[in-house]
Amino acid sequence: MDIEAPVNKEKKSNKIAMIIAALLFATAGILGWQLLEQQTLVKEERSEKGEIKAELSQLLAEYQEVTTDNEGLRQQLDEKIADIEEMLVDIEKLEKLKIEQRWLMTKYKRENHSLRRILKVYLHELDSMGKKIIVLVDEKTAVEGSLTKEKEKSDALTREKEDLTGKVALGSQFKLYQMVTKGIRIRGGGKEKEESRARRVEKIKVCFTVAANALTKPGERDFYIRVADEKGNVFPKGGDSTNVFISEGKELAYSGRRSLNFQNVAEDICVYFKKSGFKPGRYSVDIFADGITVGETSIVLE
């Protein structure tokens, strides 16, 4: 009996040791598996963090490339750019502190997808706005083209009107024909005698026919003559230089004047210039009416 007791006790102790060893081995295996799993998880989180950081950086670049003159859309884009930059700063902080925040990475991943969808919406809006702008530009170009054509038509009509007005004005001017200029000497009884010798001439007589013209406004008209010598010196009526009329905005001295009540029919008219001491030579005569030159003639006195 005394020999069997120690043997049983030893066997019992061996069993306990084996159980403890088995438990320790199992615990070590579990801890090793947990450590390996934890390391794998850390690697996955770090890899995911790098992917999210790269995606956010790419997304930031895409947002920054978008250009628009629309102030409202520009403000929204700037806000999203600020959000992305803030997320990148947070990731940088976590990397420096070696902190693993899986929930934060998951959140940023969702926000990355959301921001990308928003970017697509913005780009679609910009594309639509661009198409609208193109349409508006085309419409503006078409309107400007129409306005240009209308202006060209208006200018053409204006030119035609001015041309017609000019033709009417030109057509309404007095037309003279059968202009005759003579030197006159007064005989007894006031009878006129044609004279070509300068020392005997007392007057220069200018006669002409005013042509009929339906375009000319009827009424009282003054016809003026300006007699000048070969040097261009004009002889004013009665030697008085205050005897003037207006021609093209200027005052011109006249040598003789005759009024006519023109009624659109042909009229014969004579205008005289009286002067003592005519000298031999050529005398030019310009005839005016309505402020413009309507005829020219001349006479040579011997």
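Read-outs: derived from the displayed coordinates by stated rules, not from any lab. Predicted model only: the values in this text are computed from it and were never measured.
A few comments on the model shown:
- Cross-link pairs Lys250/Lys274; Lys205/Lys250; Lys175/Lys274; Lys153/Lys250; Lys193/Lys279; Lys191/Lys250 - those with Cα-Cα distance over 28 Å: Lys153/Lys250; Lys191/Lys250
- The range 176-301 - Kirkwood radius from inverse mean 1/r over Cα pairs (Å): 15.1
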